[in-house]
Each structure stands twice: as structure tokens, then as C-alpha cells.
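To keep things clear, I will list the structure first and then write my remarks on it.
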Amino acid sequence: MIEVKDGLVTNIYDGANTNGVLGNFISSCKYDRNGNLWIMNRERPKPIVVKTPEGKWYSFDYDLSLSNSQTYKFISTMEGNFWHVSLRGSGIFVWNQDPEAPESSDYTSFAVIDRSLKVLNNDIFDIVQDLDGTIWMGTADGVVVYDYPERVFKEPMYARVPQIVVDGYLKDLLEGE
């Protein structure tokens, strides 16, 4: 990983200068609201890595709930949680962590299902949170949304397929796209 300031390379990070936690396959990285840099690091025993503003490095495996080969893309939400979408249709992994207090972690994983427990589509290609807080996901069969992501650690999460009127008929948004 390369750190650049004012157009100049200031640091190059690898396993040698990160306590061995950083590898060569970084799939995604984001800053949280506290200035911590979170990194999805494929092919590592602990695939979630964080660099604190003070320059400390930590890594997490969440009791092997997240496979190191599944790391792909994640977002940091308004609530301070991280929503991670996995490769190969493995669904969603959500975590919240204070890097210096591992015992304070919350995490969960779930499939993309609706209220009737029907699996909608676990092949997720993109994820974003809108300004109202809703999580939107682009799947292999259209769009799904999670309306109350702040409840992720308190109750089961159910996806909803947004609908629009086309030629007088109600249709799923981007169905089949």
C-alpha cells in the first residue's frame, strides 16, 4: 500500500513494516469517521486490517466468520458500521470495531432475503448508502435495499426490492439487470 501526500510518495506499507498484517491483495479500503484506515486484505489469515491515525496496525478474523478469499468491497455507514459484500455469492458481513478494544466488536453475517425468507440474490456487485441512510445493493438480478441499517445488530435484516410503474404495471427496479 502506498501513501501519497501532496503528490509525493511518503510511505510504502507491506508485511515488513505493518507487524506482518498487511499482504499484497488489497481489495478495498476506507477511512472511518475517526480517521482509521480499514483495509480488506485477501489471502491473509485475518482479512480485515486497520491502520489507526497514530500509525498502529491491527487485523481481525472475527472468529473465522469472514473467509480471507471472500473479501471484496465494503462501505462505512453513517452509523459507523461497515457493510461488506463478498465474492462468490456469500452474502453480507457487517462489523463495528474499535481497533484498540477487540472485545468491543459487533459482527454478523446474513444472506440477501426478504421478509418471506426468500433468497433474493447473493451475487452482489456494488453497495452504497444514500443520504437518507438506506443501503442499496446492485445484485445479479437487479437492486435490493435495506431501509434501516442501523438495526443490523438488533434484529434480522430483510431486503426489499424497490418497484416502479412501467406502462401501467408495477415492476421490480432493474429486474434482470
Legend entry - Enumeration of residues in the range 112-141 that are outside any strand (DSSP E or B), more than 18 Å from residue 163 (Cα to Cα) and open to solvent by less than 40 Å² (accessible area, probe 1.4 Å): 122, 133
Legend entry - Odd one out for residue 174, checked against (1) in contact (Cβ under 8 Å) with a residue 12 or more places away in the chain; (2) on the phi < 0 side of the Ramachandran plot; (3) more than 15 Å from the chain's Cα centre (by Cα): (2)
Legend entry - Of all residues in the range 27-44 being touching a Gly at 6+ places or on another chain (Cβ under 7 Å) and not in a strand (DSSP E or B), the one that is surrounded by the fewest Cβ atoms within 10 Å (Cβ to Cβ): 33
Inset, instruction - Pick out the one residue from 56, 46 that is more than 17 Å from residue 124 (Cβ to Cβ) and either aliphatic (A, V, I, L, M) or at pLDDT below 85 (or both). - result: 46
Inset, instruction - Could you tell me which numbered condition residue 93 fails, if it satisfies all but one of (1) under 14 Å from the mean Cα position of the chain (by Cα); (2) among the hydrophobic types (A, V, I, L, M, F, W, C); (3) open to solvent by less than 80 Å² (accessible area, probe 1.4 Å); (4) at pLDDT 90 or above? - result: (4)
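For every residue, the table says whether it meets (1) modelled with pLDDT under 90; (2) small (Gly, Ala, Ser).
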| position | (1), (2) |
| --- | --- |
| 124 | yes, no |
| 128 | no, no |
| 131 | no, no |
| 142 | yes, yes |
| 153 | no, no |
| 156 | no, no |
| 159 | no, yes |
| 162 | no, no |
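The values are calculated or read from the model by the stated rules, or taken from the named source; none is laboratory data. Just so we're clear, the structure is a prediction, and the values are computed from it rather than from any experiment. Backbone-built Cβ (ideal geometry, glycine too); neighbour counts: all protein chains shown. What goes into the accessible areas is simple: the full protein's heavy atoms, side chains included, and nothing from ligands, DNA or RNA. Shrake-Rupley method; radii C 1.70, N 1.55, O 1.52, S 1.80 Å.
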